[in-house]
Amino acid sequence: MKAVMLMFDSLNREMLEPYGCDWVKTPNFRRLAEHSVCFDQCYAGSLPCMPARRELQTGRYNMLHRSWGPMEPFDDSMPELLKNNNIYTHLISDHVHYWEDGGATYHYRYNSWENIRGQEGDMWKCLPELFAPCDESKLQNKDGVYFHATQNLQRHDAVNRKFMKTEEDTALAKTIHGGLEFIDTNHDCDRWFLQIECFDPHEPFYVPKDWKTEYEDDYENPGKDWPPYHHVTEEESLARHYRYKYAELLELCDKYLGKLLDKFDELDLWKDTMLIVNTDHGYLLGEHGWWSKVVMPCYDEIAHIPLFIHDPRFAADGQRRKEIVQTIDLPATVLEFFNVGLPKNMQGRPIRTVIEKDEKIRDYALFGIHGAHVNIYDGKYIYMKAPVSEKNTPLYEYTLMPMHMRNMFSPAELEKAEAVSGNCFNFTKGCPVWKIPKGNGNGSKDFSDLLINGKDSEEAKHIDNNSMVNAANFGDKLFDMEKDPKQTTVLEDNAIEAYMANLLQKAMKENDCPMEQFERIGISGTEVIREEDIHLLHKKEKEALQPSILKNLAWSKGAINTYQALMKFIPASDKEHVREVLETKIPTKITEEKIIPNNILDIIPDVIPEEYVDMVEYFVGLSGRTE
């Protein structure tokens, strides 16, 4: 028996023909659906990239205990378990995050691996322009704040593209061809697992000039292909252009999927080889007024993902399945296929019975990002539970591998770390772990450091622009997915919310959740949650977010978020003075029945140095859109 997993990154299911798209041409995904089982209720677990991949190896949720990071010493890895049971495992990938600090322990779990270079801002090729000072005007989506991480990514991406002038030069093509080479060489052998992992269609949506599609695009600057992780503020022609660029790249992915399907046909691999085609998460292309992922709630376009599985043991190709499955079920599925026993702490379950007879294997899908909403879906409702307060505490990272995406934890982050007992969690195999207070990402500084030290200072290198938007800004959200699949209207029903809150409590407890996570999102970790508890919770959340000034006036949710975002830019020594200015001037700006975001934005020139006004207006205005 053999198995191939073809994984794409940021694959929006609603852009695929088997899931109902009628304008993006994906004939090979349609062809794949005819050769596999197509799952209608597959959900991501932990987002984004490496948290999802830790789940793909361990079959355990990552988001409740830590954020982005490496595999841990106590983790049971699916490819390593296969390797230890004489099943050869090979990874070929152009996914750059495997070779950064936060992914450095993943690829060595396989027998062998191949790294294809050049995606996104991979520090790959060097040309003379990298020695010159950065021209900020040439960066895509210049947003008023200059962050060094963005600078390095975009500068290296511009260089890398000069080595990808044709379709066959692209990392996507080289990754697929590497997978086909492995199959050509080893198809007569038995007991192997091949993981072909493509970074595309992840942003930037770069396609070479020799790849032609039929989209009629009226945008005049064709170089734009990298949407920001922000609210949609672009004119419609640019927004449409971004969607077209994603569609073009997706069609290129479809072409190379076809090459793998051709190989299955050529070698008749369908008779003895499992094929899994999956993704880590979806991607917003303007839905809900947002681009991309991470900084907004995990809407259905992000969390509800495509999945196709051909299992040669069953005559189920061309059929669809309605039962809920998740990313954590995939490692269990592969292990079961090869008759390798599951580790006792693996939470995922083999999808075999869903494939065979659409038999339920789980009552819920739990998903989210560490430190953001904790979300649960029961087949009808999605409940997104936000932090109670804008402070988003208490929150900790539990890890023996203190790494962020592209850097180690800083000494400042580790100053308050404490070791907790190996008995704290049931999956650490007795290992004590570090309990590290969660900062605002990547060891970052506060936004007020920009005003104190300057945007080109050393402090600016460590500022995480995603920290401006806090999950608490969005509040709790409840959706009836049967009646409102596009999540256009938040359902206000304390009885249903109490039911979903109890299910969320159950799911978190079943998955060994740290108790402080319950406190962070404001639900009991031990008692039954009643309707009256939900009522009191919403009252508490409102009070926690209410500004300490102008209490005699009504505030819109957007105005509250705008005020809190503005205060992040104000050094501690100046906050009281700024509050006095706001209390004096805001009442003169009010034209509505309550304070709205524009009332706060109008005050920014009075409290922010002139050279920073545009920057602050941009980010503060962004937070005001999180109602």
(message) Among the listed residues 542, 551, identify the single one that is modelled with pLDDT under 90 and not in a helix (DSSP H, G or I).
(response) 551
(request) Taking residue 512 as the residue in question, decide whether it is surrounded by 13 or more Cβ atoms within 10 Å (Cβ to Cβ) and on the phi > 0 side of the Ramachandran plot. (result) yes
(request) Would you point out which residue out of 504, 566, 537 is of a type outside the set (Ser, Thr, Tyr), surrounded by 15 or more Cβ atoms within 10 Å (Cβ to Cβ) and within 22 Å of residue 46 (Cα to Cα)? (result) 504
(message) On the basis of being out of contact with any Cys (no Cβ under 7 Å at 6 or more places or on another chain), free of Cβ contacts under 8 Å to residues at least 24 places away in the same chain and charged (D, E, K, R), does residue 593 make the cut?
(response) no
(message) Conditions first: (1) touching a residue at least 60 places away in the same chain (Cβ under 8 Å); (2) assigned to a helix (DSSP H, G or I); (3) over 17 Å from residue 374 (Cβ atoms); (4) not basic (Lys, Arg). Residue 519 passes all but one, so which condition is the exception?
(response) (3)
(request) Restricting attention to the range 345-362, report how many residues are within 27 Å of residue 429 (Cα to Cα) and modelled with pLDDT of 95 or more. (result) 8
(request) Name, by its number, the condition in (1) over 28 Å from residue 319 (Cβ atoms); (2) in contact (Cβ under 8 Å) with a residue 40 or more places away in the chain; (3) buried (at least 22 other Cβ atoms within 10 Å of the Cβ) that does not hold for residue 105. (result) (3)
(request) Go through (1) at pLDDT 95 or above; (2) more than 20 Å from residue 362 (Cβ to Cβ); (3) not hydroxyl-bearing (Ser, Thr, Tyr) and name the single condition residue 336 misses. (result) (2)
(request) Being more than 21 Å from residue 252 (Cβ to Cβ) and among the acidic types (Asp, Glu) is the filter here, so list the residues in the range 174-203 that pass it. (result) 184, 188, 190
(request) Go through the residues of the range 577-599 one by one and say whether even a single one is in contact with a strand residue (DSSP E or B) (Cβ under 6 Å, 6 or more places away or on another chain), among the hydrophobic types (A, V, I, L, M, F, W, C), assigned to a helix (DSSP H, G or I) and surrounded by 18 or more Cβ atoms within 10 Å (Cβ to Cβ). (result) no
(message) Against the definition (closer than 16 Å to residue 364 by Cβ and not aromatic (Phe, Trp, Tyr)), how does residue 504 come out, yes or no?
(response) yes
(message) Taking the condition of being hydrophobic (A, V, I, L, M, F, W, C), at pLDDT 80 or above and more than 13 Å from residue 171 (Cβ to Cβ), how many residues in the range 118-140 meet it?
(response) 6
(message) Condition (residue is assigned to a helix (DSSP H, G or I) and either over 21 Å from the mean Cα position of the chain (by Cα) or of a type in the set (Phe, Trp, Tyr) (or both)) applied to the range 107-114: is it met by at least one residue?
(response) yes
(request) Select from the range 325-346 the residues that are out of contact with any Gly (no Cβ under 6 Å at 6 or more places or on another chain), assigned to a loop (DSSP other than H, G, I, E, B) and in contact (Cβ under 8 Å) with a residue 60 or more places away in the chain and write down the one among them that is nearest to residue 35 (Cα to Cα). (result) 338
(message) Name the residue that is nearest to residue 79 (Cα to Cα), counting only residues in the range 311-324 that are of a type in the set (A, V, I, L, M) and touching a residue at least 24 places away in the same chain (Cβ under 8 Å).
(response) 324
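Yes/no per residue for (1) among the β-branched types (Val, Ile, Thr); (2) in contact with a His (Cβ under 6 Å, 6 or more places away or on another chain); (3) at pLDDT below 95; (4) within 28 Å of residue 307 (Cα to Cα):
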{"position": "220", "(1), (2), (3), (4)": "no, no, yes, no"}
{"position": "223", "(1), (2), (3), (4)": "no, no, yes, no"}
{"position": "229", "(1), (2), (3), (4)": "no, no, yes, yes"}
{"position": "233", "(1), (2), (3), (4)": "yes, no, yes, no"}
{"position": "236", "(1), (2), (3), (4)": "no, no, yes, no"}
{"position": "248", "(1), (2), (3), (4)": "no, no, no, yes"}
{"position": "253", "(1), (2), (3), (4)": "no, no, no, yes"}
(request) Go through the range 378-399 and count every residue that is surrounded by fewer than 18 Cβ atoms within 10 Å (Cβ to Cβ) and hydroxyl-bearing (Ser, Thr, Tyr). (result) 3
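Residues checked against (1) in contact (Cβ under 8 Å) with a residue 40 or more places away in the chain; (2) of a type outside the set (Val, Ile, Thr); (3) more than 19 Å from residue 616 (Cα to Cα):
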{"site": "512", "(1), (2), (3)": "yes, yes, yes"}
{"site": "525", "(1), (2), (3)": "no, yes, yes"}
{"site": "540", "(1), (2), (3)": "yes, yes, yes"}
{"site": "552", "(1), (2), (3)": "no, yes, yes"}
{"site": "568", "(1), (2), (3)": "yes, yes, no"}
{"site": "578", "(1), (2), (3)": "no, no, no"}
{"site": "586", "(1), (2), (3)": "no, no, no"}
(request) Please work out which residue is nearest to residue 289 (Cα to Cα), limiting yourself to the range 600-627 and to residues that are in contact with a helix residue (DSSP H, G or I) (Cβ under 7 Å, 6 or more places away or on another chain), assigned to a helix (DSSP H, G or I) and hydroxyl-bearing (Ser, Thr, Tyr). (result) 623
(request) Those residues that are touching a residue at least 60 places away in the same chain (Cβ under 8 Å) and either of a type in the set (A, V, I, L, M, F, W, C) or assigned to a loop (DSSP other than H, G, I, E, B) (or both), I need them from the range 285-303; list them, please. (result) 285, 290, 291, 293, 294, 295, 296, 297, 298, 299, 302, 303
(request) Would you be able to say whether some residue in the range 410-418 is within 20 Å of residue 344 (Cα to Cα) and of a type outside the set (S, T, N, Q)? (result) no
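The values are calculated or read from the model by the stated rules, or taken from the named source; none is laboratory data. As the structure is a computational prediction, the values presented were derived from the model and not from experiment. Neighbour counts run over all protein chains shown; Cβ positions are idealised from the backbone, glycine included.
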